[in-house]
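Encoded as structure tokens, the structure appears first; notes follow it.
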Amino acid sequence: MKLTKLINSKVLALTLGLTAFSMAGMISTAPASFGTATHKNPNWQMLGPNNSPVNNGVVWSLDNGLTWGNTSHIQVGQTVKFKIEVRKHLWGTHAYDQLGVWIDTDLNGNFSGNLVYQDRWNFKAELNAQVPAHWNITYTDTPNQWYWNPTQNRTMSRHTADSSRYFTFDQTFNNAGTTWFRSRVVCNFDLEDQARNNPLLGTQIQATGNYYQGEVEDYKFIVEETIPEPSTLGLLGLGLISLAAFYRRRRS
């Protein structure tokens with residue numbers, strides 16, 4: 001009986017662990033006012049080197065790229081350089097991966113109108129030399145577009161790619177307070193499905209809603225008012241003392 005309980009507890013712990021791992025990047029973590037973003041399958045494209053249970057796809061620099069990290073405190077007026085890793089785990093049969101970034105720069109508690117960066121990875125064109133020759137890929141007349149030969153076995157799309165591309169951009173924070181950052185990657189098939197279901201949205205990547213493929217990561221930032229350095233405060237104090245002494249002399 002005890003052995004059975006022990007085995008069951010270990011199975012339960014393993015199941016919970018696998019569930020936590022599989023949920024990585026599949027649902028957003030920002031407060032509810034920002035809207036929910038969900039993904040069902042991060043196996044084709046992801047943020048970061050793997051679909052780890054922790055955010056690992058975005059780093060940023062406060063010194064224009066000399067050093068990188070994940071400090072959550074920045075100062076008003078500071079320009080931050082962001083670097084995002086988009087990783088291809090499996091090749092897939094789509095044409096490109098779309099990246100979108102939103103920051104609540106006006107501190108209104110949502111991402112509406114706050115798309116600050118977007119780009120796409122036309123990986124089939126850029127990594128053409130790495131595509132197995134027997135895939136028989138044919139390019140169309142449209143640049144960076146291609147189609148799958150109907151006679152080709154679609155299981156080839158599950159071949160491992162394990163390639164990354166890095167995207168960088170600068171953002172200046174002008175308002176003090178708590179702000180949120182959302183990064184999202186998705187394949188063009190999801191965007192085309194979105195356009196068919198909602199023509200008003202077209203193929204523009206959205207901050208909220210569900211996409212089948214891809215991954216989402218949310219980050220919280222504290223933007224603080226600039227604090228004068230001690231030397232500056234000392235000079236200011238000395239100036240005030242001198243000014244007070246000057247007025248005392250004038251009165252006497």
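The values are calculated or read from the model by the stated rules, or taken from the named source; none is laboratory data. Nothing here was measured: the structure is a model prediction, and the numbers come from that model. Using ideal geometry, Cβ is built from the backbone for each residue, glycine included, and neighbour counts are taken over all protein chains shown.
Determine, yes or no, whether Asp119 is assigned to a strand (DSSP E or B), of a type in the set (Asp, Glu) and either modelled with pLDDT under 90 or more than 19 Å from Gly209 (Cβ to Cβ) (or both). Quick ask: steps written out before the conclusion?
Values: assigned to a strand (DSSP E or B): yes; of a type in the set (Asp, Glu): yes; either modelled with pLDDT under 90 or more than 19 Å from Gly209 (Cβ to Cβ) (or both): yes.
Yes.
Collect the residues in the range 68-92 that are touching a helix residue (DSSP H, G or I) at 6+ places or on another chain (Cβ under 8 Å) and crowded, with 19+ Cβ neighbours inside 10 Å, keeping them in residue-number order. Correct list: Lys88, Trp91, Gly92.
Taking the range 41-67 on its own, how many of its residues are under 17 Å from Asp170 (Cβ atoms) and either surrounded by 11 or more Cβ atoms within 10 Å (Cβ to Cβ) or hydrophobic (A, V, I, L, M, F, W, C) (or both)? Give the derivation first.
Of the range 41-67, the ones under 17 Å from Asp170 (Cβ atoms) are 58-67.
From what's left, either surrounded by 11 or more Cβ atoms within 10 Å (Cβ to Cβ) or hydrophobic (A, V, I, L, M, F, W, C) (or both): 58-62, 65-66.
Looking only at that region, the number is 7.
Annotation: Pro31 fulfils all but one of (1) modelled with pLDDT of 90 or more; (2) over 26 Å from Glu224 (Cα atoms); (3) not basic (Lys, Arg); the unmet one is (2).
The rows are residues; the columns are (1) farther than 21 Å from Arg165 by Cβ; (2) small (Gly, Ala, Ser); (3) modelled with pLDDT of 65 or more.
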site: Asn8; (1), (2), (3): yes, no, no
site: Thr15; (1), (2), (3): yes, no, no
site: Ile27; (1), (2), (3): yes, no, yes
site: Pro49; (1), (2), (3): no, no, yes
site: Ser52; (1), (2), (3): no, yes, yes
site: Asn55; (1), (2), (3): no, no, yes
site: Leu66; (1), (2), (3): yes, no, yes
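Filter the range 169-193 down to residues that are over 30 Å from Thr93 (Cβ atoms), out of contact with any helix residue (DSSP H, G or I) (no Cβ under 8 Å at 6 or more places or on another chain) and not aliphatic (A, V, I, L, M), then give me how many there are. Residues in the range 169-193 being over 30 Å from Thr93 (Cβ atoms), out of contact with any helix residue (DSSP H, G or I) (no Cβ under 8 Å at 6 or more places or on another chain) and not aliphatic (A, V, I, L, M): 10 in total.
Yes/no per residue for (1) part of a loop (DSSP other than H, G, I, E, B); (2) at pLDDT 90 or above:
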| site | (1), (2) |
| --- | --- |
| Thr105 | yes, yes |
| Gly109 | yes, yes |
| Gly113 | yes, yes |
| Ala125 | no, no |
| Ala129 | no, no |
| Asn144 | yes, no |
